[in-house]
1. Consider the range 388-413. How many of its residues are surrounded by fewer than 18 Cβ atoms within 10 Å (Cβ to Cβ), more than 17 Å from P450 (Cα to Cα) and among the hydrophobic types (A, V, I, L, M, F, W, C)?
2. Would it be correct to say that V268 is more than 11 Å from the chain's Cα centre (by Cα), under 23 Å from Y122 (Cβ atoms), surrounded by 21 or more Cβ atoms within 10 Å (Cβ to Cβ) and in the same structural domain as V349 (by TED's automatic domain parsing)?
3. Of everything in the range 38-96 that's farther than 26 Å from E457 by Cβ and without any contact (Cβ under 8 Å) to a residue 12 or more places away in the chain, which residue is surrounded by the most Cβ atoms within 10 Å (Cβ to Cβ)?
4. Any residue at all in the range 352-369 that is farther than 25 Å from G293 by Cα and crowded, with 23+ Cβ neighbours inside 10 Å?
5. Could you say which residue among R108, R119, R125 is among the charged types (D, E, K, R) and not in a helix (DSSP H, G or I)?
6. Residues in the range 363-374: is at least one closer than 28 Å to R262 by Cα and either in a helix (DSSP H, G or I) or in contact with a helix residue (DSSP H, G or I) (Cβ under 9 Å, 6 or more places away or on another chain) (or both)?
7. For residues that are assigned to a loop (DSSP other than H, G, I, E, B) and at pLDDT 95 or above, tally how many sit in the range 452-461.
8. Any residue that is under 22 Å from the mean Cα position of the chain (by Cα) and either under 26 Å from R119 (Cα atoms) or part of a loop (DSSP other than H, G, I, E, B) (or both) - is there at least one of those in the range 392-404?
Amino acid sequence: MRTVRDLAPTRRDTLRLGAGSLLGGIVGEGLWPAGARAAGRSNPRGTARFAIVVEAAGAVSHVDTFDFKEDAGTQADFEVREVSNGLYIPYRLFPKLSGLMHKVAIVRTFKSHEVVHFRGEYYTRAGRPLNPAQAEEIPPVGTVVAAELDGQRRESDTFPTFVTCNLGNLALPSGFYHPRFSGLDIDAGGGAASVAASGRALDLLEERFRLLGELERAVGREFGGRGPAISAFRSFQEEAYHVLGDPRWPDALAMGNDEKERYGDNDVGRGCLLARNLVMADAGTRYVHVKHGGWDHHKRIYDHAARSNHYKHCNDLDRALSNLLLDLEAAPSPRDPSKTLLDETIIAVPTEFGRVPGALNLVGGRHHYNQVYIGLFAGGGVQGGRVIGRTDAAGEHALETGWKYSMQPKTENIVASVYSSLGIDWRKEITNTPSKRTYRLVDPLGATEPCVDDEIEELFV
């Protein structure tokens, strides 16, 4: 008498088939492939294979960091130094990055549609202001990257294309895209033990997964079409199974004490270390979003005794970002021996908006300010050592936007620049969304005023 085991493929066959084959039965449940058309002429650069976005959530004070202005709020212990011609940085806050600014480009004249955190963080992750009428179907930038680069995935790519770190339940769903393009959020402080399988545990996992697949095929006709919730659940099952069986996965999540000490044993340190490991693994992950929260210093911004203060956050970012740059630069590309992994990885450090320049408020902090703020960029074709845009002496208004347009750049232009570096047509339109509203990868219709739907060319040339 034949059993289910006799009908099912072997363990080796299951691993060989990969997630793509097993997903074939549910691809039709989501909006994929999507109806798309070109909305205009864009010429993506394709200078990067990977993107790492380190979100400084809570809003960095631009006048105390990379658009330094001496004012009534400036602290005497900043140790401000000129690190290059006309570029002054508080050395006390960024001792390591001060010596690496020839690898980093600064844009000083960003302007935000938003001035509150929830909407500002959404704007940073979705690449467009929050629109409640469409929010349910709007994907994060990483999901768009995963969908656009899906055709480049190799048989050996088991890692998810889109990975986030530290977002937790604030991670955005995949919107109108299929759930398999969602981001996998990782708590980098949790270690690898809970997300890897080996030995007998792996044998048992493979056997159960094989039987589950055969059972689903046997009863599939009776159940008919499955809803999107079941489709999403099955998609994550597939992805988790193949990641758990890949020996590269626990290696990517492994963080030795020495490395954590070097990067910083904190959210941004562990997040940047994880991003480095995922890029070095070259196992399918192409877009990593790391949240570095806690920059919202409305009070006691420079109080060393405060649990969260400007010194600590700047020092944490300094250590994590500088070591990420150095490690990727020291690693040769596995595909092009003439390049390093930094050459193939664009790194962007966006924030929601800036903070009020001038004197500190009555509780020793700085409130929100959205007329100008900063962003940092490196790698992936970015020309380091550049300072793009100029603000007035107080850091309140843009005097020169720094690019070929008179309108100040916005978050949309950060997104367009990342898309361009990855070879994605940022002017593409998706036409068959559930609401029937056309989705533009970069939307020129901002919340409070239009924006230019273009990359920041001056970062690259």
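1. Of the residues in that region, 3 qualify.
2. yes
3. Among them, the one singled out is T74.
4. The answer is no; no qualifying residue exists.
5. R108
6. Checking the range 363-374: at least one residue is closer than 28 Å to R262 by Cα and either in a helix (DSSP H, G or I) or in contact with a helix residue (DSSP H, G or I) (Cβ under 9 Å, 6 or more places away or on another chain) (or both).
7. The total comes to 6.
8. no
The values are calculated or read from the model by the stated rules, or taken from the named source; none is laboratory data. This structure is a prediction, so every number in the text was calculated from the model and none was measured. Please note: Cβ atoms are built from the backbone with ideal geometry, for glycine as well, and neighbour counts cover all protein chains shown.
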